[in-house]
Structures are given as C-alpha cells and as structure tokens.
1. Going by C-beta contacts inside 10 Å, put Tyr101, Tyr82 in order with the fewest on the left.
2. How much length is gained on full extension from Ala165 to Arg136, taking 0.36 nm per residue of separation minus their Cα-Cα distance?
3. Counting Lys +1, Arg +1, Asp -1, Glu -1, what net charge surrounds Thr61 among other residues with beta carbon under 14 Å of its beta carbon?
4. Of Glu133, Glu39, Glu143, how do they rank once you tally other Cβ atoms within 10 Å and put the fewest first?
5. How long are the three semi-axes of the equivalent ellipsoid of the stretch 24-182, in whole Å, if each is the root of 5 times an eigenvalue of the C-alpha gyration tensor, listed from largest down?
6. Exposure proxy check: Val135, Val130, Val102 ranked by fewest other beta carbons within 10 Å?
7. What FRET efficiency do you get for Tyr101 and Thr61 if R0 is 30 Å and r is their Cβ-Cβ distance, rounded to the nearest 0.05?
Amino acid sequence: MNRHATKPASEQTKSAAPRETASTPDALALLIDDHRKVEKLFDAFGQSRGDERDALEAKATLAQRACEELTMHAMIEEELLYPAAQRALPDDDQLDVDESYVEHFLVKTLIARFETLKAGDKGFDATFKVMSELVRHHIEEEESELFPALRRSGCDLAALGEQIAARKQTLQARLDEAGSRAVGDRT
C-alpha cells in the first residue's frame, strides 16, 4: 500500500485530528484506539520471557486477549469501515481496501493457529511474533494511507463511529457472555 509519500502514522494521527460528536468519537478515532490497545498487548507479550509457569500463563492470556481484540476489530472493519471506504474512495484508492482484506485474511489464519497451539509449544511464540509484525504493518498502512484518504473523502465518520461503537458493544457482550459460560463450565 505504500504507493503514496505520507507521514508516519504517529505524525499522521496528530495532523488529522479526529472530529467527534458529543457522544461518540468518530470512526477513525475508535479504530486508532483499538490499534493502540493491541500494540500494548504485543509489547507486553514481548516482555514476557522464560518458560516458567507464570511467564507461560502471561503469554497465553496476552495471546488470547490479542486474538479476541483482533477478531472483533477485523469484523468491525470488514462489516462497516471497508464497505464505507469502497463507497467513498475513488478507484485509485481501492487497492488499499483490497489489501486490507487480504491482510485480515492472513491475520485470521494466524489467529486460528492459536486454537491448537498452547503457550510453551513449539511455534507459539513465533506465530505470535509473525502475527504482531503483520498487524503492526497493517496498522501503519491504515493510519498513514487509508484513514487520511477517508478523512479527505467527506465520508460521514461521525455516523460511522456510532455504528462502529454499537457493533463493538454487541461483539464485546457476546465475548463476555462466552467467557462467562466457559468459566461456568470449568466450575
């Protein structure tokens, strides 16, 4: 996606300050917040060292939480953001959206590996590292290219933000419900 000369994501987000409604941040502010949350999980995983039980439990928890966050985030982008981007952006920016779908497919493939991999298994740390590198690359491209293009497009990011916030709330409730059932099954 690096077809255009752009500022780094950290500078881009500062220069393209999100416009927000009184109640809900705009769509891009919500998604950028998700990006920061998952990056913190990646960083915490990288700081978890060793094969002792506490470190393995920490890695397992961090990997699970990252996979949950990424799954919800991907669903939201695929259901709401990318279709809005396809409607709002000119044809020459459509490749950015198409690449985002492919990157999501690859991340979901790696997430699926964690259904069978356990912390401490051969390949667990490597799979998480590759997933985090792919996601960081994806974040950089979205924040430096796709998001600024959407801001320039005139897309109603406030209304899209409300849709994203509502969808995220629904997905989080389902995740919380599933977690409660899983805990109940263990007791």
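1. Tyr101, Tyr82
2. Between Ala165 and Arg136, full extension yields 8.2 nm more.
3. The answer is +1.
4. Fewest to most other Cβ atoms nearby, the residues stand as Glu133, Glu39, Glu143.
5. For the stretch 24-182, the ellipsoid semi-axes come out as 30, 17, 13 Å.
6. Listed from fewest to most nearby Cβ atoms, that is Val102, Val130, Val135.
7. 0.55
No value in this document is a laboratory result; all are computed from the given coordinates. Predicted model, so just to flag it, every value in this text is computed and none were measured. Here Cβ is always computed from backbone atoms with ideal geometry, including for glycine, and neighbour counts include all displayed protein chains.
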